[in-house]
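The block underneath contains the structure these notes are about, expressed in structure tokens.
Nothing in this text is a laboratory measurement; each read-out follows from the coordinates by a stated rule. From a predicted model like this one, the values you see are computed outputs, not experimental measurements. Cβ sites come from the backbone with ideal geometry, for glycine too, and all protein chains shown count toward neighbours.
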Amino acid sequence: MLPYNIHHTAIAVSDLDRTLEYYATNFKIRPISIETIDDQGVREAMIALGGSHIQLLEPLHPDTPVGRFLAKHGEGLHHIAFAVTDIDTAVAHLREQGVSLIDEVPRRGGGGHRIAFVHPRDHNGTLIELVEVHDG
Ligand code: CO
């Protein structure tokens with residue numbers, strides 16, 4: 001139930017294609033996936049790096065969570081995702097502890113994973129995402 005790894009570190013970007021070009025040119029790494037997630041209002045790319053990933057998030061519109069984040073903070077660190085094996089138990093435990101959950105019920109995220117966001121106010125201003133992973 002407890003987090004056992006950093007599943008990904010997410011960066012908000014204004015131009016995903018240009019950012020991917022930067023990673024390809026300077027680090028010789030290419031995304032393992034690029035997908036549009038309509039209910040989060042983002043186009044996202046995953047870059048595999050060691051046992052973890054960098055997730056690049058581009059808003060589909062200014063009036064989306066990532067669009068509003070960019071308007072307020074500019075590009076930069078958006079959230080850190082913890083891998084958990086049982087997200088239902090993890091969410092129930094955090095709720096019991098009085099931690100502020102953005103998602104009271106896990107939902108479907110990128111890669112088909114079940115995810116839940118935890119409010120940044122309980123994490124020193126950093127948005128945390130839980131990602132359920134079964135294959136390690
Ligand atoms: Co994420």
**Item:** the chain: radius of gyration over Cα atoms, expressed as a fraction of 2.2 N^0.38 Å
**Value:** 1.03
**Prompt:** Can you run phi through the Karplus equation (6.51, -1.76, 1.60; θ = phi - 60°) for the stretch 75-90 and list ³J(HN,Hα) in whole Hz, with x for Gly and Pro?
**Reply:** 5, x, 4, 9, 7, 10, 10, 8, 7, 10, 8, 9, 6, 4, 5, 4
**Request:** Over the chain, calculate the relative contact order: mean separation of alpha carbon pairs under 8 Å at least 6 apart, over the residue count, as a percent.
**Result:** 25 percent
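Counting only helical runs of four or more DSSP H residues, what would the 222 nm mean residue ellipticity of the chain come to if each run contributes -39,500 (n - 2.57) and the total is spread over all its residues?
Values: 3 runs with 31 residues, N = 136.
The helix-only estimate for the chain comes to -7000 deg cm²/dmol at 222 nm.
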**Request:** Treating only the Cβ atoms of Lys and Arg (+1) and Asp and Glu (-1) as charged, compute the dipole magnitude of the stretch 5-132 about its Cα centre; round to the nearest 20 debye.
**Result:** 280 debye
**Asked** In whole Hz, what ³J(HN,Hα) sequence does the stretch 106-115 give by Karplus (6.51, -1.76, 1.60; θ = phi - 60°), x for Gly and Pro?
**Response** x, 10, 8, x, x, x, x, 6, 7, 9
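Once R0 is set to 30 Å, what does the formula 1/(1 + (r/R0)^6) return for the Cβ-Cβ distance between Asn5 and Arg108, expressed as a FRET efficiency to the nearest 0.05? Each step should come with its number before you reach the end.
On the way: r = 20 Å, r/R0 = 0.68.
Once the sixth-power term is evaluated, E becomes 0.90.
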